[in-house]
1. Would you please give the FRET efficiency between Phe169 and Asp536, computed as 1/(1 + (r/R0)^6) with r the Cβ-Cβ distance and R0 = 25 Å, to the nearest 0.05?
2. Could you tell me what fraction of 2.2 N^0.38 Å the Cα radius of gyration of region 384-432 comes to, as a two-decimal ratio?
3. Let's test the formula: R0 of 35 Å, r as the Cβ-Cβ distance of Glu271 and Phe54. What FRET efficiency results, to the nearest 0.05?
4. First compute the accessible area of region 403-490 with a 1.4 Å probe, then give the percent of it belonging to carbon and sulfur atoms.
5. Given a Förster distance of 35 angstrom, what is the FRET efficiency for Asp659 paired with Glu450, based on the Cβ-Cβ distance and rounded to 0.05?
6. Determine the gain in length on full extension of the stretch Asp514-Arg667; use 0.36 nm per residue of separation and subtract their C-alpha separation, reporting nm with one decimal.
7. At 1.4 Å probe size, put Val373, Val118 in order of accessible surface, largest to smallest.
8. Using a basic spin-label model with each label point 7 Å from the Cα along Cα→Cβ, how many nm lie between Glu481 and Asp292?
Amino acid sequence: MRPWFPLLTLALSVALLACAPPGPAPRSAPSHGPAIHLTSAPAAAARFRTGTGFFGAPDGRAAYRRVGVLLDGPAGPLRWRGQRADGQWSAWLPVDWVFSEGGVHAARLDAPAPIAAVELQGAATAGLQAISVEFLTEAAPVERPWRARPVSQGPLGVRRDALVPPPDFVVDRVAWGAREPDKICNGVGEVYRFTVHHTASPPDDGDMPARMRRIQAYHMDVHGWCDIGYHFAISSTGQVYQGRNDERREGAHAGRNNAGNIGVAVIGNFEEGPVPEAQFDGLVRLVRWAVDTHGIQVDRDAIRGHREWPTNNTLCPGAALFARMDELIARVGAEPEPEPEPEPEPEPEPEPEPEPEPEPEPDPAGAAVPLTVRWIEAPRDRLRQGASAGTPDALVGERLVAEVLVRNDLAEAIAGVRLGWDVLGVQPVAWRWASDAPALDRRTWQPLGEGALMAGAAGLSLGRLATGETHRVQLEVVVAEAGRGFGVRAGLLAVDGRLARADLDAAPSLMTLDAVPEGLAAVDGLRSDGWRFPADAARPDADGWVPCDGGAPPAVTGEGVWIAPDQCLASPAWTAIDADRWSGLRVDVDAAQAGTLRVWWAGPDGRFDPSLRAVVGVSAGAGAVAVPLAGRSGWTGEVTRLAIYADVDVQLQAVAAQDGTATVDGRPAAALPVDVPDPGEPGAGEPSEPAGPEPAPEGGAQPGDGPGDGEADGGLPVIQPAPGVSQLSEDGGCRASGSAPAPLGLWALLCLAGLGRRRRGDRAAS
């Protein structure tokens, strides 16, 4: 079997008949359509033996306005025409490819009127290895856009959308190179059900990232959806991959049943073969996580195969996998078997002693009053190194909601339940309290009260909880400053006859529980217009700054971030500076010797431009310099990225927006340097313009998900120093090329060529 086949068929798994309804789906639900797939070169050649390939809709209906084409072979010229209900053919039209990677190409054919068949003709059919054609009723996106709520970002009011990070055992979107949608699709809602699919394709060949990219591209570029339709996918080895960026957002995988429904695509055709045990183990692990995280009921009403949902006439998830659905439910709901304890070795009998008074046995009820604290729409872990590694990060001004869930799993009601909490380093806003009684389903919430959230420790009497009842308390806060160790801490202070303590830090005066129920939703605060390095001398980090060339992480010590001669650092992807308010930057440095700093900035379009640059001199030793930017071209509106280049060893200690009298982080504004070299003048640290710049080398370094920069971003400048080159150029050999897209879905890179290579001095000698 050729290596293209698994890649192609998974990308087309969304279109195979085994997982698609035979007729058009309702307009209210994204769905897949009937398809024809020729999965061998002989079959494809036979279809085009006359030079023209005919593909009729399998159901014979003239009801299709869009046709998706995916082929393995040369992406040469191809044309198409559609056949209407009256048998008449449209004029021939060129095929425009919407996606190409690794020899697999996708096209979207939109017909002006409903059609029942298409014909394809052209050079692309020569050497064709496989082709699939899918008939779709929709000629436009059917998912409803959902706008993120406005979040205050200082004076800017930038819109942000917090995402839930995937669990530790899941390969996230950044790792497989997902494209980020240009809009947010569907709102976040309660998750209460789970759907298992198969892809009706052979097992994967080990290149799952490529297959995930092709599935996403086909869903977005052909179906017109905002993102990949599935929330997760599982390889044949059991590895789980993240699909949509938040499983609480409605997907596109089970027509008319997508709300509150997590969809997982299990790679393989289980109408034709069994499910590998490693793959089934991965499915059990994922479903168990979904149950524990979202409170999904462990039964066949909430956890189903695709074929079991109404209006979904399909064989999915295949006979072999569907036959194991009851086993899936049993394994998800089963308690892990305890390991047998070794039998103790016999010991000599001790001398008889008086028997002590028997101690009262602890009440095991504590284990049945679980309490969890978690963020709703949890912020991403943007900084993955240093002091903030492993903790979600939120921007100053971002509004967060911590959800505290207290559940009574005892066989009898409990009373006198009191909850305590404390907000740490964040600005409190409001609290809301609700119960799921009488439904007891952890989805239907009845409001019980609300009020203003006060700073410091506080509490709320929950009173009596019936058996199976859950109380939910939501604590709304705003990240008010940059720093580490912020969040919301909550725990039970009292349960009649089982627990009593004065506050969260006090030792219990009554304790018959196995453990005190409590938890913490932690967050670190980040600024988008000011940075200090490092935040923690014991675990230094670069606060999101990365090398401009996407290379090794910057050197960070307990005093700052090092910029070596001819090196460039770029600010994080979440940079947002209100240039209409701030006139420039304060830069705290410790320079090994006198030299210059060059600062580039990008406007709202995220693109660096040669004219958007300033050059300032720095003296040997520690100090703060001001980079005056007001009045310069492009320093208006919002600045979305900074890049700083040094021609000497410099320790960067802080960067902050300033306006001449104050800085964004409250430090005194830096005085203007006595001499600010004009970047356009000779002698300002720039070499004279050579007769002809040397071309940048092919295949320049490509920035990826640099340490501390957890977001894929485009427009990151790439320094390609070459002697005598002093211009900022677009492309120039640094643009990612070839059939495969750049890693992490990067846009085309801008290259900052040159700036004069100087011999790197010996730091110790200087």
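1. Values: r = 28 Å, r/R0 = 1.12.
It comes out at approximately 0.35.
2. Region 384-432 yields a ratio of 1.69.
3. On the way: r = 27 Å, r/R0 = 0.77.
Between Glu271 and Phe54 the formula returns 0.85.
4. For region 403-490, the apolar C and S fraction of the accessible surface comes to 53 percent.
5. Working: r = 39 Å, r/R0 = 1.12.
Given R0 = 35 Å and the Cβ-Cβ separation, E is 0.35.
6. Working: separation 153, 0.36 × 153 = 55.08 nm, distance 4.89 nm.
Full extension of this stretch gives 50.2 nm more.
7. Details: Val373 20, Val118 0 Å².
The ranking, largest first, comes out as Val373, Val118.
8. Here the answer is 3.6 nm between the modelled labels.
The values are calculated or read from the model by the stated rules, or taken from the named source; none is laboratory data. Since this is a predicted model, take the numbers as computed values, not measurements. Using ideal geometry, Cβ is built from the backbone for each residue, glycine included, and neighbour counts are taken over all protein chains shown. All accessible areas refer to the heavy atoms of the entire protein, side chains included, with ligands and DNA or RNA removed. Shrake-Rupley method; radii C 1.70, N 1.55, O 1.52, S 1.80 Å.
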